[in-house]
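Participant: Before we start, here is the structure in question, set down as structure tokens.
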Amino acid sequence: MTTRLAIVGAMHEEIAALRPCLDGARTERRAGREFHLGRLDGHDVILVRCGIGKVAAATTTAVLLDAFDASALVFTGVAGGLGEGVRVGDIVVASALLQHDMNAEPLFPRWEVPLTGRARFDADAGWSARLVQASHALAAANLHAHGAAIHHGLVVSGDRFVATRAESDQLRAALSDALAVEMEGAAVAQVCHDFGRPFGIVRTISDRADDAAHGDFQRFVCDVAAPYSRDIVRAALAL
Ligand code: SAH
């Protein structure tokens, strides 16, 4: 079986620096997205910007796994820090993903995805370990990640940009082990689970999901999201 790694980001900035690194790239359009196929440091890859939110992420993931037969997926991007000690500039690798806005109570327990019997979807242990190792290497080399801490744990997703202290306090109270909040990861996780394909998710913390989140986010995405994403993914591929 051929292996083809899908590399996905939600926003232009999250994949922009990877695009010029592709050798022999060609672009195919499907479902309104541009899928860039090529080789990255000798590996067969397909790079795509999926758009923001769970539906955009799910659509793109399904196309990658079905139409393009990607054998594994790595999602790279930014997220809001929730866990104590998860600061702007830190890196979070997801061990599991949960949709914080899923609520079909009283028919199903809070956060459980109806008819799947689960709320949390585990990331692949092998890919997660590679992403953790790559992030440590980056921080040790002081490349962008100056003094950054690397965290590994629960990442929660929902169709909300969490930008008030009140809302992030609520999430922390309800899901005390959540390290970060974003808008795509749990959708990617559910689709990969349905297809039985491994995935890893790595997020650089752009903001603290509080009242300052909007300003922090804009600055961070422009300045550091692109090189961080590029260097972590390349370092993980080399392991
Ligand atoms: N493009 C818009 C909105 C970005 S939405 C803007 O420029 O304002 C935020 C994106 O970054 C999503 O893809 C999400 O996954 C991630 N993200 C970063 N911080 C987040 C937070 N505090 N809450 C939710 N998602 C966040």
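Participant: Take the Cβ-Cβ distance between ASP44 and ALA129 as r, set R0 to 22 Å, and report the resulting FRET efficiency rounded to the nearest 0.05.
Facilitator: 0.55
Participant: Right, something else. Short version: ³J(HN,Hα) in whole Hz for each residue of the stretch 123-133, in order, from phi by Karplus 6.51 cos²θ - 1.76 cosθ + 1.60 (θ = phi - 60°), x for Gly and Pro, what are they?
Facilitator: Coupling constants for the stretch 123-133: 7, 5, 5, x, 5, 5, 4, 5, 5, 5, 4 Hz.
Participant: Take SER168, SER135 and order them by how many other Cβ atoms sit within 10 Å, fewest up front.
Facilitator: Lowest count first: SER168, SER135.
Participant: Using a 7 Å offset from the Cα along the Cα-to-Cβ direction at both ALA174 and THR116, what is the distance between the two label points in nm, to one decimal?
Facilitator: Here the modelled spin labels are 1.7 nm apart.
Participant: GNM, the chain, Cα, under 10 Å: largest mean-square fluctuation among VAL48, VAL78, VAL221?
Facilitator: Sorting by GNM fluctuation, first place goes to VAL221.
Participant: With charges only on Cβ, +1 for K and R and -1 for D and E, what is the dipole size of the stretch 5-238 about its Cα centre, in debye, rounded to 20?
Facilitator: Charge dipole of the stretch 5-238: 360 debye, to the nearest 20.
Participant: In what sequence do GLU167, GLU28 fall when counting other Cβ within 10 Å, fewest first?
Facilitator: Fewest to most other Cβ atoms nearby, the residues stand as GLU28, GLU167.
Participant: So, one more: For the chain, what is the mean residue ellipticity at 222 nm derived from helices alone (per DSSP H run of n ≥ 4: -39500 (n - 2.57); sum divided by total residues; nearest 500 deg cm²/dmol)?
Facilitator: Value at 222 nm, helices only: -9500 deg cm²/dmol.
Participant: Sticking with this structure for a sec: At each listed q (0.15, 0.20, 0.22, 0.29 Å⁻¹), what is the log10 of I(q)/I(0) that the Debye formula gives for the stretch 37-99 modelled as equal alpha-carbon point scatterers?
Facilitator: At q = 0.15, 0.20, 0.22, 0.29 Å⁻¹ the computed log10 ratios are -0.63, -0.97, -1.07, -1.33.
Participant: Work out, step by step, the length gained on full extension between GLU34 and ALA16: first 0.36 nm times the residue separation, then minus their alpha carbon distance; give nm to one decimal.
Facilitator: Contour length minus the Cα-Cα distance gives 5.2 nm.
Participant: Let me know the shape class of the stretch 5-238, please: from the alpha-carbon gyration tensor, a ≥ b ≥ c as square roots of the eigenvalues, rounded when a/c is under 1.5, otherwise prolate if a/b is greater than b/c, or oblate.
Facilitator: oblate
Participant: Next question. Arrange HIS100, HIS193 by Cβ neighbour counts within 10 Å, fewest through most, would you?
Facilitator: Going from sparsest to densest Cβ surroundings: HIS193, HIS100.
Participant: Could you go through the stretch 200-213 in sequence order and give the Karplus-derived ³J(HN,Hα) for each residue, using 6.51 cos²θ - 1.76 cosθ + 1.60 with θ = phi - 60°, rounded to whole Hz, and x for Gly and Pro?
Facilitator: x, 10, 10, 10, 8, 7, 9, 6, 9, 6, 10, 5, 8, 4
Participant: Considering the alpha-carbon set of the stretch 140-239 alone, what are its Rg and its Dmax in angstrom?
Facilitator: Over the stretch 140-239's Cα set, Rg and Dmax evaluate to 14.8, 41 Å.
Participant: A follow-up question, please. Please give the Cα centre distance for the stretch 86-116 versus the stretch 58-80, rounded to the nearest Å.
Facilitator: With the stretch 86-116 and the stretch 58-80 each reduced to a Cα centre, they are spaced 18 Å.
Quick note: the coordinates plus some simple rules give every number you see, no bench work behind them. Please read all numbers here as calculations on a predicted model, not as lab measurements. With ideal geometry, Cβ positions are generated from the backbone for all residues, glycine too; neighbour counts draw on all protein chains shown.
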